[in-house]
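Have a look at the structure below, then the notes.
The values are calculated or read from the model by the stated rules, or taken from the named source; none is laboratory data. A quick note: this is a predicted structure, and the numbers were derived from the prediction, not measured. When we count neighbours, we look across all protein chains shown, and the Cβ atoms used for this are built from the backbone with ideal geometry, even at glycine. For the accessible areas, the whole protein counts, side chains as well, though only heavy atoms, and no ligand, DNA or RNA atoms are used. Shrake-Rupley method; radii C 1.70, N 1.55, O 1.52, S 1.80 Å.
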Amino acid sequence: MGKTLTYKILDKHLVDGELTAGNAIGIRIDQTLTQDATGTTAFLLFESMGTPRVKTDVSVSYIDHNMSQFGPENHNDHLYLQTVSTKAGAYHSRPGNGICHQVHLERFGKPGATLLGSDSHTPTGGGIGMLAIGAGGMDVAVAMGGGAFYMTAPKVIGVKLTGKLNKWVASKDVILKLLSILTTKGNVGCVVEYFGQGASSLSVPQRATITNMGAELGVTTSVFPSDKRTQKFLAAQDRGKDYEMLSADIDAEYDSVIDIDLSKVEPMAACPSSPDNIRPISELEGLKIGQVIVGSCTNSSYTDLMMVAEVLKARQTDDTVEFAIAPGSKQVLGMMAKNEALANIIASGARILESGCGPCIGQGFSPANDVVSLRTFNRNFAGRTGTTGDQAYLVSPETAVASAIMGQITDPRRLTEIMGIKYPKTDLPKQFAIDDSMIVKPMDEGKARRAEVIRASTIVVPESPKPIAEHLDGKVLIKCGDKITTDHIMPAGAFLKYRSNVPEYAKVVFSCFTEKGKPSFADRGLELKAKGIGGIIVAGLSYGQGSSREHAALCPMYLGVKAVIAKSIERIHKANLINFAIVPIEFIEHRDYDRVNQNDELRIENLYEAVESGNMVTIKNVTSGFDFQGKLTLSVRDRDILLADGLLNYTKNKS
Ligand code: MIC
Ligand code: SF4
């Protein structure tokens, strides 16, 4: 039986375990990326590991999330990251150089390599044929130190693409279509692999949009073959030598196959407030909008923005709409400035935001109350725009620009009929403008030994996890429903600047659920912690969806949380819980979830022993007097990490 591309790359990188779906395996990591919002903890943990230099082929530290700089915190982080990363032998991409995933694709991504990034959209690299996986900062710190990355050998979902996209239909619509089929839950432990003649028709940036938003499916990663299109992209980035042709064997067997005929895909939107709440644009047409933005790591490539610029040539956006662009990188912005595309966009009434995450993570451009906002982003979780009760729709750049002109949601295919606008052909340039002057190179070892790391007082080394209790006497601090995202657990936006200060950031854990006049989750957690009672989080399906932010484990740990009992837990978040010695437990009978309430006192018998043996646990609901069973789905290594009081200790003990 032939091999999938996923298994070919895994096979080449396997260092531990047997490569059969469902098994725990360890793989060698060639490249890592960190961004500033997760990078400070990643580098603080890397420093505590005592490894002076990174051991990967390439490690890059990016600044792209925290660039608003209200107060000193953001700049303090920038200085820390620049000094610590280059001293450790990593590259450092300075603020203004662009969004990590876009820049990594342009300047570092390599077909067939493995990339581990402390950001859930790291799979963007799958667009160039690499196996690119998102993880918590602690896992990335271990990989920087030369340690393997542990994961479950995946099931591979093959997506066979046939046909060709019609005019005004974008690759964003393809991933939205796939989200309507697979949804955001139930895909843990899978990789999506694209193949077929339709895949060959897509450019690298189009593929990267698809693999980027594959993160919303909850899969481990997504990957495209590396072919002539990849070669063309790499050559245009002056990196032809990084090209390698890669694809699945012709007789590769997938665990399941989904067929998508690109010529049948139509413009789509993810409606509020989940990336899988998909409807065709034709059903939403006419809905009044007040805001449109083209940007984020999903859709801010040169070709995306050139298309927008062409459509806007000598045209104004509707005066009821605030329209903005945030080009994905300095390369994109610089090229558009030179070829006058930027002038067209400025003349249309657009606001030009800097090359970074910005509004995608609630850093500005929040919509007014009750205003519909159209975004080319990948997430529209409630409140992520920075506005409570927001109405954010995720769309393609084509739909965004058409709607910005019309002041209402508009099927871009109708622009030709309404305004005579022809679909602009936006090919890859033969040569991108290469300027790596904002990428600081790793220091040589001699210089590094003498170099100082700048660490201001706003950067606080996180507290270490405490040992697992023999029996856990705890209390349910919160009971939440299905699809709780890490944005619910740890809001970003205005609080993002506290990422390097856990005691400060922990104050807003679950703040979206705090009722007016009632004590916050943080207050209740700290009160229990002081009494030596363990905090417990109870949740429904797919707990911890979304981002890789390990603060969603680290801050609850700081507040005394010892266990999460949920119907199911998402991959990255589960690993983060384990890394910080919070025990992830799943309900065996989902109906038991209904019998547990907030403030119930729970006793988890023989917790330590259960972690040791990987057995089930009996949980006594002391408040309402009944017992139920929970299961611990843990690999041997997961158990060892929990028993060593977290991954940092485990790594130190091993070295
Ligand atoms: C996101 O898109 O939610 C983020 C912000 O990029 C996160 C990382 C973070 O929280 O710092 C992610 O996707 O992992
Ligand atoms: Fe940045 Fe948004 Fe991409 Fe996250 S999803 S990396 S916040 S642009």
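Laid out as a table, the results:
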{"read-out": "Conditions (1) more than 16 Å from ligand 2 (Cβ to nearest atom); (2) of a type outside the set (Lys, Arg); (3) open to solvent by 50 Å² or more (accessible area, probe 1.4 Å); (4) within 24 Å of Thr410 (Cα to Cα): number failed by Ser366", "value": "(1)"}
{"read-out": "Inter-residue pairs, beta-carbon under 7 Å, first within 12 Å of Asp304 (Cα to Cα) and in segment 388-406, second among the hydroxyl-bearing types (Ser, Thr, Tyr) and outside any strand (DSSP E or B), 6+ apart", "value": "Ser396/Thr376; Pro397/Thr376; Ala400/Thr376"}
{"read-out": "When residues of segment 516-574 are limited to those that are among the charged types (D, E, K, R) and part of a loop (DSSP other than H, G, I, E, B), the one most open to solvent (accessible area, probe 1.4 Å)", "value": "Lys516"}
{"read-out": "Filter pass, Val60 being surrounded by fewer than 19 Cβ atoms within 10 Å (Cβ to Cβ), aliphatic (A, V, I, L, M) and assigned to a strand (DSSP E or B)", "value": "no"}
{"read-out": "Segment 82-104, subset closer than 16 Å to Gln237 by Cβ and away from ligand 1 (no atom under 16 Å from the Cβ), residue surrounded by the most Cβ atoms within 10 Å (Cβ to Cβ)", "value": "Asn97"}
{"read-out": "Among the residues listed as Ala132, Ala141, the single one being in a strand (DSSP E or B), hydrophobic (A, V, I, L, M, F, W, C) and in contact with a helix residue (DSSP H, G or I) (Cβ under 7 Å, 6 or more places away or on another chain)", "value": "Ala132"}
{"read-out": "Which listed residue is within 27 Å of Trp168 (Cβ to Cβ), without any contact (Cβ under 8 Å) to a residue 24 or more places away in the chain, more than 16 Å from ligand 2 (Cβ to nearest atom) and not in a strand (DSSP E or B), from Lys425, Lys447", "value": "Lys425"}
{"read-out": "Number of positions in segment 239-252 that are acidic (Asp, Glu), surrounded by 14 or more Cβ atoms within 10 Å (Cβ to Cβ) and assigned to a loop (DSSP other than H, G, I, E, B)", "value": "1"}
{"read-out": "Pair list, Cβ < 8 Å and 6+ apart or interchain, from segment 277-296 residues that are open to solvent by 30 Å² or more (accessible area, probe 1.4 Å) to residues that are outside any helix (DSSP H, G or I) and among the hydroxyl-bearing types (Ser, Thr, Tyr)", "value": "Glu285/Thr410; Lys288/Thr320"}
{"read-out": "Considering residues of segment 331-352 that are open to solvent by less than 40 Å² (accessible area, probe 1.4 Å) and assigned to a loop (DSSP other than H, G, I, E, B) only, the residue farthest from Met213 (Cα to Cα)", "value": "Ser348"}
{"read-out": "Filtered residues of segment 81-107 (kept if in a helix (DSSP H, G or I), more than 13 Å from ligand 2 (Cβ to nearest atom) and in contact with a Ser or Thr (Cβ under 9 Å, 6 or more places away or on another chain))", "value": "Leu81, Gln82, Val84, Ser85, Thr86, Glu106, Arg107"}
{"read-out": "All positions within segment 617-635 that are in contact with an Asp or Glu (Cβ under 9 Å, 6 or more places away or on another chain), surrounded by 17 or more Cβ atoms within 10 Å (Cβ to Cβ) and hydrophobic (A, V, I, L, M, F, W, C)", "value": "Val617, Ile619, Phe628, Leu632"}
{"read-out": "Residues located in segment 401-422, provided they are part of a loop (DSSP other than H, G, I, E, B) and surrounded by 14 or more Cβ atoms within 10 Å (Cβ to Cβ)", "value": "Gly407, Ile409, Thr410, Asp411, Ile421"}
{"read-out": "Test: Lys475 is open to solvent by 10 Å² or more (accessible area, probe 1.4 Å), under 24 Å from Thr385 (Cβ atoms), of a type in the set (D, E, K, R) and in contact (Cβ under 8 Å) with a residue 60 or more places away in the chain", "value": "no"}
{"read-out": "Residue satisfying all of: in segment 450-471; basic (Lys, Arg) and touching a residue at least 12 places away in the same chain (Cβ under 8 Å); farthest from Pro205 (Cα to Cα) among these", "value": "Lys466"}
{"read-out": "Within segment 636-655, tally of residues that are open to solvent by less than 30 Å² (accessible area, probe 1.4 Å) and not in a helix (DSSP H, G or I)", "value": "2"}
{"read-out": "Members of segment 1-19 that are surrounded by fewer than 17 Cβ atoms within 10 Å (Cβ to Cβ), within 18 Å of Leu116 (Cα to Cα) and touching a residue at least 12 places away in the same chain (Cβ under 8 Å)", "value": "Lys12, Val15, Asp16"}
{"read-out": "Residue list for segment 428-470, restricted to those being surrounded by 13 or more Cβ atoms within 10 Å (Cβ to Cβ), in contact with a Phe, Trp or Tyr (Cβ under 8 Å, 6 or more places away or on another chain) and under 30 Å from Asn339 (Cβ atoms)", "value": "Leu428, Pro429, Phe432, Ile439, Val440"}
{"read-out": "Filter result for the condition that a residue is more than 16 Å from ligand 2 (Cβ to nearest atom) and either in a loop (DSSP other than H, G, I, E, B) or open to solvent by less than 10 Å² (accessible area, probe 1.4 Å) (or both), over Lys160, Lys110, Lys172", "value": "Lys110"}
{"read-out": "Members of segment 610-630 found to be in a strand (DSSP E or B), touching a residue at least 24 places away in the same chain (Cβ under 8 Å) and more than 14 Å from Gly534 (Cβ to Cβ), listed by number", "value": "Asn621, Phe626, Phe628, Gln629, Gly630"}
{"read-out": "Residue selected from segment 63-75 under the condition open to solvent by less than 10 Å² (accessible area, probe 1.4 Å) and not polar (S, T, N, Q), by the criterion farthest from Gln102 (Cα to Cα)", "value": "Ile63"}
{"read-out": "Answer from Thr230, Thr209, Thr184, Thr220 - the residue that is within 25 Å of the chain's Cα centre (by Cα) and modelled with pLDDT under 95", "value": "Thr184"}
{"read-out": "Qualifying position, being of a type outside the set (Ser, Thr, Tyr) and modelled with pLDDT of 95 or more, among Glu417, Glu445, Glu463", "value": "Glu445"}
{"read-out": "Residue match in segment 176-184 (condition: outside any helix (DSSP H, G or I), open to solvent by 10 Å² or more (accessible area, probe 1.4 Å) and in contact (Cβ under 8 Å) with a residue 12 or more places away in the chain)", "value": "yes"}
{"read-out": "Qualifying residue in segment 253-267 (condition: open to solvent by less than 30 Å² (accessible area, probe 1.4 Å), touching a Gly at 6+ places or on another chain (Cβ under 6 Å) and part of a helix (DSSP H, G or I))", "value": "yes"}
{"read-out": "Among the residues listed as Ala610, Ala566, the single one being closer than 23 Å to Thr183 by Cα, hydrophobic (A, V, I, L, M, F, W, C) and away from ligand 2 (no atom under 16 Å from the Cβ)", "value": "Ala566"}
{"read-out": "Check on Thr209, over 20 Å from Ser274 (Cβ atoms) and in a helix (DSSP H, G or I)", "value": "no"}
